[in-house]
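Structure first, then comments.
The values are calculated or read from the model by the stated rules, or taken from the named source; none is laboratory data. All values reported here derive from a predicted model rather than from experimental measurement. Every residue, glycine as well, gets a Cβ built from its backbone with ideal geometry; the counts of neighbours run over all protein chains shown.
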Amino acid sequence: MLTPIRLVSEAAELAAHRHNGMARKGRGNEPYINHLAEVANLLATATEGADAELVAAGWLHDMIEDTDTTREELAQRFSARVASLIAECTDDMSLPKAERRQLQVLEAPKKSPGAKLIKIADKISNTEARIQTDPSAEERDDLADYIGWATQVVAGCRGGNAWLDEKFDDAVKAARSLL
């Protein structure tokens with residue numbers, strides 16, 4: 001069993017290696033690892049660093065979806081709980097985007113408490129990445145679409161951490177000010 005700091009550090013390192021070369025949407029194609037760092041940091045802040053497995057899962061939450069990493073590998077390298085949290089946050093990429101989105105809305109209330117926190121942190125990071133100074137009409141449309149959907153997902157995840165709930169509300173408020 002890894003110590004808490006090693007668990008988080010090794011998760012960050014694996015995330016960096018497996019997402020190497022990937023860019024995120026919004027913010028001018030910045031490295032994708034920035035998104036993973038934001039999610040992990042939001043979770044660390046929300047829990048005051050008390051849950052290393054949750055923070056590690058934040059670093060790795062897109063791993064199964066975006067790379068050839070398996071749940072089994074994650075369970076072996078980290079823990080069954082880390083792998084389970086990641087699996088809960090993984091979309092079935094074989095489905096059309098609209099169907100994946102609808103499933104996130106429907107499944108959000110059924111998630112474990114930790115997976116709900118990861119979902120909220122993920123939506124905060126993605127919302128903030130779409131907030132740009134003087135957005136184009138296309139960027140405003142993307143932002144409006146994203147926050148409309150993200151708000152529905154987060155509605156099913158609320159109540160586990162007041163700070164994350166408020167941080168999401170603040171991000172949506174900032175986004176709506178641009179619409």
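For segment 2-21, does any single residue satisfy the condition of being within 21 Å of Tyr146 (Cα to Cα), at pLDDT below 95, over 13 Å from the mean Cα position of the chain (by Cα) and part of a loop (DSSP other than H, G, I, E, B)?
From segment 2-21, those within 21 Å of Tyr146 (Cα to Cα) are none; that's our starting set.
No, because not a single residue in segment 2-21 is within 21 Å of Tyr146 (Cα to Cα), at pLDDT below 95, over 13 Å from the mean Cα position of the chain (by Cα) and part of a loop (DSSP other than H, G, I, E, B).
Just need a number here: residues in segment 48-82 that are touching an Asp or Glu at 6+ places or on another chain (Cβ under 7 Å), in a loop (DSSP other than H, G, I, E, B) and over 20 Å from Tyr32 (Cα atoms).
The qualifying residues number 1.
Condition first: surrounded by fewer than 22 Cβ atoms within 10 Å (Cβ to Cβ) and among the aliphatic types (A, V, I, L, M). Can you find one or more residues in segment 47-57 that meet it?
Yes, some residue in segment 47-57 is surrounded by fewer than 22 Cβ atoms within 10 Å (Cβ to Cβ) and among the aliphatic types (A, V, I, L, M).
Specify which of the listed residues (Ala16, Ala37) is surrounded by 16 or more Cβ atoms within 10 Å (Cβ to Cβ), in contact (Cβ under 8 Å) with a residue 12 or more places away in the chain and either more than 21 Å from Glu128 (Cα to Cα) or out of contact with any Gly (no Cβ under 6 Å at 6 or more places or on another chain) (or both). If you could, list the steps in order and put the result at the bottom.
Working: Ala16 fails: surrounded by 16 or more Cβ atoms within 10 Å (Cβ to Cβ).
The unique qualifying residue is Ala37.
Kindly list the number of the only condition in (1) of a type outside the set (D, E, K, R); (2) farther than 14 Å from Val8 by Cβ; (3) assigned to a helix (DSSP H, G or I); (4) touching a residue at least 24 places away in the same chain (Cβ under 8 Å) that fails for Met93.
Here Met93 clears every test but (3).
Out of Leu85, Leu43, I need the residue that is buried (at least 20 other Cβ atoms within 10 Å of the Cβ), assigned to a helix (DSSP H, G or I) and in contact (Cβ under 8 Å) with a residue 40 or more places away in the chain. Which one?
Leu43
Filter segment 100-142 for residues that are assigned to a helix (DSSP H, G or I) and β-branched (Val, Ile, Thr); which is surrounded by the fewest Cβ atoms within 10 Å (Cβ to Cβ)?
First, the residues of segment 100-142 that are assigned to a helix (DSSP H, G or I): 100-110, 113-130, 137-142.
With β-branched (Val, Ile, Thr) added as a condition, the list becomes 105, 118, 120, 124, 127.
On the way: Val105: 16, Ile118: 27, Ile120: 26, Ile124: 24, Thr127: 23.
Among them, the one singled out is Val105.
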